[in-house]
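Q: Can you keep this structure in mind? I'll have questions shortly.
The values are calculated or read from the model by the stated rules, or taken from the named source; none is laboratory data. This structure is a prediction, so every number in the text was calculated from the model and none was measured. So basically every Cβ, Gly included, is an ideal-geometry build from the backbone, and we count neighbours across all protein chains shown.
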Amino acid sequence: MLTVEDRLLEGQLDFWRRYLARKKTVSSAGVADEPEDQLREEVDRLTGGGLTHDEAFLVAVKRLGIPDSLSREFSREQSGRLWRQPGTDALEVGKSWKQFWNEAGVVFALALWAAVLIKLPELFGVRINRNPSFHLRNMSLFVLPLLTGYLVWKRGLSGTVVRWLIAAFVAAAVFANIYPFSSGGNTEVLAVLHMPIALWMGVMGVAYAGSRWNTVEGRMEFLRFTGELIIYYVLMALGAAVFTTFVEMLFSAIGINLEPFYGSWVLPCGAMGGVLVAAWLAEARRGLIDIVAPVLTRLLTPLFTLLMVAFLVTLAVTGRGVNIERDMLIAFDFLLVVVLALQLYSISARLPDAAPGVFDYLQVALVISALLVDLVVLMEVAIRVGEGGFTPNRIAALGMNIILLANLAWSAVLYIRFLRGRGAFAELEEWQTGYLPVYAAWAAVVVVVFPPLFGFG
């Protein structure tokens, strides 16, 4: 009977045969002889030295006597393929049960610490229900440093990278608490909204991908990880909501009201600890995003395209202006971010060498309609700035919409070039992943520069 490792190796070798046959480097009949024997021997030697089967296979391919460009291209495809194998999880790549449960213990200990940290300010008289401002500004800092610690431990990072990560979190803590914000003021709200973006895109990505953060593959893996984490977190939250409903119903039947306990303890502690658990599940069982993402994108893309087109047509017919108050600006930006997310996860689940299809044309229609909506919002913001002057909300929205406009515009150009056979699909993937630091930089500017610029109001 074949072991899990044997099945994994056979699947990798089959992928190797089909890859070489597709590239027509050697005939498909001749692939299974000497090169395959060399691969098997090298994989056995490397796994005996402590590498996992996936790592050993990629290293072994690079050591074959084939052109370097071919081995590098195969390594990139194989790395992306690991995300498309729902059966490839932490247990199936050679981890023992002991290692698995040790990692689970570390994660749940960190989740417990996150739950403790969210309640720790109460020892100093800072309560969530009395002073939500403090907790909102520091929400990211209650959990993301612990998640970063888990990734540093998991990746074995050290030296300059770790020092940079620590410095980033220290700086975030300083700017979240040193400014004399007006409670509920515009700059405080903007800081609360942009701090998680800056830390996630600018710090967590480096912690997750390590030295591969500078590569398209590394950034795309981080985006896939982000998507899986969100999916697991939402599923856990839904399950917790159902469980909580039944618990409250049962105890209310005997006259005990658990709502205050849930509001002050279970909800904040569970929300913080759940991030660590969701991240561990996303890391340990890779592949869910490539089951869910195609379904979600194919379901939601036509719906959001229809929504955008209907909005633009209604706007043109009625001639009405767009309400750009703070809540509406946030809603518009969130809508455009959802469109980008749909495009990103469509890209991540698509085979790069597949021919253009109907869904690709639908993606272009979605991007172009989102681009037009962004232009409408930008024009309205510019008009309001000209009439009423600069406010932190308007400038933040103006900057974010310009950034989204540039992303959407060039994405549309690259997608159309691909559909016309004048560009590679990989160019679109490289553009989207390479744009992530731009969002992090703008979010950092809003957090650091806006409060003193606008008098902390």
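Q: Report yes if L141 is hydrophobic (A, V, I, L, M, F, W, C), under 23 Å from G273 (Cβ atoms) and touching a residue at least 24 places away in the same chain (Cβ under 8 Å), otherwise no.
A: It is true that L141 is hydrophobic (A, V, I, L, M, F, W, C), under 23 Å from G273 (Cβ atoms) and touching a residue at least 24 places away in the same chain (Cβ under 8 Å).
Q: Related question: With modelled with pLDDT of 95 or more and assigned to a helix (DSSP H, G or I) as the only criterion, which of W113, W101, W153 stands out?
A: The conditions single out W113.
Q: Going by the structure shown, is G239 assigned by TED's automatic domain parsing to the domain that holds A279, of a type in the set (G, A, S) and within 15 Å of the chain's Cα centre (by Cα)?
A: no
Q: Still on this structure, please answer the following. What number of residues within segment 121-130 are surrounded by 14 or more Cβ atoms within 10 Å (Cβ to Cβ) and at pLDDT below 85?
A: Total meeting the criteria: 3.
Q: Pick from L296, L276: which is within 16 Å of the chain's Cα centre (by Cα) and not assigned by TED's automatic domain parsing to the domain that holds D374?
A: L276
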